[in-house]
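The structure under discussion appears below in the form of structure tokens.
The values are calculated or read from the model by the stated rules, or taken from the named source; none is laboratory data. Quick caveat, the model's predicted, so the values are computed rather than measured. Here the Cβ positions follow ideal geometry from the backbone for every residue, glycine too, while neighbour counts run over all protein chains shown. Ligands, DNA and RNA are stripped out before the accessible areas are found, and what is left, the full protein with its side chains, is counted by its heavy atoms. Shrake-Rupley method; radii C 1.70, N 1.55, O 1.52, S 1.80 Å.
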Amino acid sequence: MDKQIDRSIYYSMLADKPGQAERLESENMFSLLKSNVLLVLKYALSQCQKEIATTPAENPYEINRACARSKFLQILVTNTDLVSVSFCVTELSLHPQLQHIYLDSLFTLVGDTHENGKLFQDRQVELFIKYDPERVLDFLRTASCFSYPKAYQLCSDKEMIPEMLYLLGKMGDTRKALYLIIEKVGDVHMAIDF
């Protein structure tokens, strides 16, 4: 019977039928997650796209945020004993948007406390810059296990001035930060306050 339910949920996700996260949870079919991480994320994204299509979002990054908060992502992130963070990140390596959504969901739900999640914070900086640049500074302020110089280089490549200033402050490079404020921002009062 379990095999039939497992297949039914699997094919329903392939057919993009709504309500499969609730069904997976009510039928206690969490074993389906491990062998179908990519399908689960694609399904969750598709469902979020349909939901957002009915209520147009003002923010182009809202689809990723909504998906990261979705029921399937909550199930996946709260069951890291069945499907490890490393496994999910590896499975999603060819799908960076889905990898971002998964890691964002993990960080949002458990913060900076999940040991395996900490291993991927350098990757998260890259993904936030590409898929949700408005939240990069918040992530940098909250996360603790990423390389400041690497994050600075990534932000510098995209000329993300507030993020660069924050990272320069964390690295103790006030001279470079002041230069950046005066030359790029052109705000002497900001330089004095810094």
* Asked: In degrees, nearest 10, range 0 to 90: what is the angle between the Cα axis of helix 121-131 and the longest Cα principal axis of the chain?
  -> 90
* **Å² per residue, accessible surface of the chain at 1.4 Å** => 54
* Asked: How much FRET efficiency would the formula 1/(1 + (r/R0)^6) give for GLU27 and THR108, where r is the Cβ-Cβ distance and R0 is 22 Å, rounded to 0.05?
  -> 0.25
* Asked: Going by alpha carbons, how many degrees (0 to 90, nearest 10) lie between the helix axis of 96-110 and the longest principal axis of the chain?
  -> 90
* **Distance from region 60-102 to region 1-40 (C-alpha centre basis), Å** => 16
* Asked: So which of LYS50/LYS118; LYS42/LYS118; LYS71/LYS118; LYS130/LYS170; LYS17/LYS118; LYS118/LYS158 end up more than 29 Å apart, counting from Cα to Cα?
  -> LYS50/LYS118; LYS17/LYS118
* Structure fact -> Calculated from DSSP helices alone, with each H run of at least 4 adding -39500 (n - 2.57) and the total divided by the residues of the chain, [θ]222 nm to the nearest 500 comes to -19500 deg cm²/dmol
* Asked: Any idea what % of Cα-Cα pairs in region 121-185 are farther than 18 Å?
  -> 27
* Förster-model FRET efficiency, 35 Å R0, GLN4 and ASP157, C-beta, rounded to 0.05 -> 0.10
* Alpha carbon convex hull of the chain, projected area averaged over orientations, nm² -> 12.4
* Asked: Within the accessible area of region 1-122, what % is carbon and sulfur when the probe is 1.4 Å and the other protein chains stay in place?
  -> 52
